[in-house]
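The values are calculated or read from the model by the stated rules, or taken from the named source; none is laboratory data. Every value quoted in this text rests on a predicted model; they were computed, and no experiment measured them. Cβ placement follows ideal geometry from the backbone for every residue including glycine, while neighbour counts extend to all protein chains displayed. Surface accessibility is based on the protein's heavy atoms, side chains included, excluding ligands, DNA and RNA. Shrake-Rupley method; radii C 1.70, N 1.55, O 1.52, S 1.80 Å.
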Amino acid sequence: MNLEYILSELNSGRPVVIPVKSSNLTTLSENPFPKQLTVLFSRGTIYKYDNVDIDIVVKLLMSESLGKFFNQNIVNKYNFTRLHKDGSINYRG
């Protein structure tokens, strides 16, 4: 996927699934209503972060290092839910 297409999809108001190239993150899913960012990590864990603005998702996608941006700007700044692969809740933080 190219960045221009991803940005147009993010601005569409529909949920978007974005495969990413990172040693730590494999897939991002952004749902604008409600504002949720779901992250699939390379080890298979899934976290859903609440109230993440679309501009943060765009900055994440445009960052030089997805993992570094993610750790500095999302981890410990947004409430999250750890999910099982079947979608059931494992942990809320």
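If you filter the stretch 73-88 down to residues that are touching a residue at least 24 places away in the same chain (Cβ under 8 Å) and charged (D, E, K, R), you find that the one that is surrounded by the most Cβ atoms within 10 Å (Cβ to Cβ) is Arg82.
When residues in the stretch 2-17 are screened for being assigned to a strand (DSSP E or B) and surrounded by 16 or more Cβ atoms within 10 Å (Cβ to Cβ), 1 of them pass. Residues that are touching a helix residue (DSSP H, G or I) at 6+ places or on another chain (Cβ under 6 Å), closer than 20 Å to Arg82 by Cβ, part of a strand (DSSP E or B) and open to solvent by less than 60 Å² (accessible area, probe 1.4 Å) occur in the stretch 25-36; there is at least one. Quick one: in the stretch 44-64, which of the residues that are touching a residue at least 40 places away in the same chain (Cβ under 8 Å) and open to solvent by 50 Å² or more (accessible area, probe 1.4 Å) is farthest from the chain's Cα centre (by Cα)? Here the answer is Met62. Of the residues Phe70, Phe41, the single one that is of a type outside the set (A, V, I, L, M) and surrounded by 16 or more Cβ atoms within 10 Å (Cβ to Cβ) is Phe70.
For Lys21, indicate whether it is in contact with a Gly (Cβ under 8 Å, 6 or more places away or on another chain), loosely packed, with under 12 Cβ neighbours inside 10 Å and of a type in the set (D, E, K, R).
No; evaluated as a whole, the condition is false for this residue.
Residues in the stretch 40-93 that are hydrophobic (A, V, I, L, M, F, W, C) and either more than 29 Å from Ser8 (Cβ to Cβ) or in contact with a Gly (Cβ under 8 Å, 6 or more places away or on another chain) (or both): Phe80, Ile89.
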